[in-house]
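Input: a single structure, listed below in structure tokens.
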Amino acid sequence: MSLAHTIEELSQRIEQALPESLKQTKNEMDKTIRQAVMNAFQKMELVTRDEFDIQTQVLARTRAKLEALEQRVAALESSKSAT
């Protein structure tokens, strides 16, 4: 579920909970609610699922490279101490 879809769904739920008299100013309320929700999400520093998945892949590649480098260093250290 995308962030935009989540915001839209939340906005609709809030709108449905409002009394009929307030629904007359729907466009203004929609804009205000969306902005408030976006601000709240920005303050929480949330990322999208795609961004999270990409960073997870980057981290996995980085860990693999680190492990390979650690093995090389260990091999070099053992060969140096053997001489």
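Taking amide hydrogens as placed 1.01 Å from N in the peptide plane, the amide H of Leu18 sits under 5 Å from that of no residue at least 5 positions away in sequence or on another chain.
Look at where the Cα atoms of segment 1-27 and of segment 48-74 average out, and the two centres are 41 Å apart. Only lysine pairs 8 or more places apart or on separate chains count here, and in the chain those with Cα atoms under 29 Å apart total 5. Each helix, a run of at least 4 DSSP H residues, gives -39500 (n - 2.57); summed and divided by the residues of the chain, these come to -29000 deg cm²/dmol at 222 nm. When the alpha carbon coordinates of the chain are projected onto the principal axes, the ranges are 87, 20, 15 Å, largest first.
With R₀ fixed at 35 Å, the C-beta to C-beta distance from Gln71 to Thr48 puts the FRET efficiency at about 0.50. With 0.36 nm allotted per residue and the present C-alpha distance subtracted, the Lys80-Leu10 stretch has 18.9 nm of extension available.
Values in this text are rule-based calculations from the coordinates and carry no lab data. These figures come from a predicted structure and were not determined experimentally. Here the Cβ is made from the backbone with ideal geometry for all residues, glycine too, and neighbour counts use every protein chain on show.
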